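One structure below.
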Amino acid sequence: MADPAERYSAGMFVRDADVAIADILARGKVPVVVGGTHFYVRALLFGLFPEPAKDAAVRDELEREWARDRAQLRARLAALDPAAAARIAANDRQRTLRALEVCLTAGRAMSELWRENPRGNPRYAFTLLGIGPDRAELHARIAERVDRMFAAGLVDEVRELLAGGLSPGCHALKAIGYRESCRMLAGELTVAEAAEAATAATRKLAKRQMTWLRGETGVQWLAGRGDELLAVAIGRREARGGTGTGPV
């Protein structure tokens with residue numbers, strides 16, 4: 001597990017996922033990778049292209065500017081790298097700041113790096129599956145999930161992290177649910193408002209995930225939930241001649 005104070009990157013995720021996948025395969029099992037952020041999924045399946053080194057001072061300043069006026073930062077990215085600005089969602093803080101950081105420290109546009117490093121060969125043999133519930137069901141599941149998070153003690157967990165010295169502005173506390181809990185503990189939101197805000201943010205995330213999946217080639221769409229989905233997923237993979245050499 002990563003330390004909450006640590007910035008967990010896509011490269012670190014790929015490193016840890018590779019270890020877990022190797023262990024699962026060594027036991028004769030089929031890894032099932034579930035998620036999540038499409039950038040991390042792509043990084044695992046196709047690798048990351050080399051990027052300029054990170055600059056903590058520049059990144060910290062960009063973080064402060066984002067907190068003050070994200071619209072101004074988005075306009076700055078549009079001026080420096082129009083292609084990246086068009087590709088990166090307006091509320092995607094992580095990728096917006098990274099694209100700006102690359103422009104400012106390396107003197108190159110992130111979109112240039114993307115063009116120079118097209119998607120390579122897959123790192124694994126894999127089956128890409130998508131779950132497509134109808135909107136009403138998806139929204140109901142999201143609301144249930146957020147309710148469970150708060151009922152399970154999310155606010156108390158955040159309170160302990162803050163009491164332990166973690167800053168409300170750290171990367172880990174910007175995650176959905178944690179960010180809203182910080183605002184609640186700061187007196188900006190009630191518990192009900194925090195849960196409502198977390199639900200809305202999760203819906204937006206789900207929408208972005210579905211947009212990405214629908215744009216991918218070779219996605220097999222499934223209907224159902226729980227163990228039923230897993231059984232169907234494994235069955236689809238075996239029907240296509242899956243050999244246990246890569247993840248679902």
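The values are calculated or read from the model by the stated rules, or taken from the named source; none is laboratory data. What you see is a predicted model; the values in this text were computed from it and never measured. Cβ sites come from the backbone with ideal geometry, for glycine too, and all protein chains shown count toward neighbours.
Which one is surrounded by the fewest Cβ atoms within 10 Å (Cβ to Cβ), of the residues in the range 1-39 that are β-branched (Val, Ile, Thr) and in a helix (DSSP H, G or I)?
Here the residue is Val19.
So which of Ala71, Ala79, Ala57, Ala43 is surrounded by 15 or more Cβ atoms within 10 Å (Cβ to Cβ) and of a type in the set (Gly, Ala, Ser)?
Going through Ala71, Ala79, Ala57, Ala43 in turn, just one is surrounded by 15 or more Cβ atoms within 10 Å (Cβ to Cβ) and of a type in the set (Gly, Ala, Ser): Ala43.
Can you pull out the residues in the range 102-136 that are on the phi < 0 side of the Ramachandran plot and loosely packed, with under 11 Cβ neighbours inside 10 Å?
Across the range 102-136, the qualifying residues are Arg115, Glu116, Pro118, Gly120, Asn121, Asp134, Ala136.
Condition test on Glu51, is it in a helix (DSSP H, G or I) and either more than 13 Å from the chain's Cα centre (by Cα) or modelled with pLDDT under 90 (or both)?
Spelling it out, it is not the case that Glu51 is in a helix (DSSP H, G or I) and either more than 13 Å from the chain's Cα centre (by Cα) or modelled with pLDDT under 90 (or both).
Just to be sure before I move on: is Arg159 in the same structural domain as Leu185 (by TED's automatic domain parsing) and over 18 Å from Ala201 (Cα atoms) in the structure I sent?
On the way: in the same structural domain as Leu185 (by TED's automatic domain parsing): yes; over 18 Å from Ala201 (Cα atoms): yes.
Here the answer is yes, as Arg159 does meet what is asked.
State all residues of the range 163-180 that are more than 19 Å from Tyr8 (Cβ to Cβ) and surrounded by 12 or more Cβ atoms within 10 Å (Cβ to Cβ); if no residue qualifies, say none.
Within the range 163-180, Glu180 is the sole residue that qualifies.
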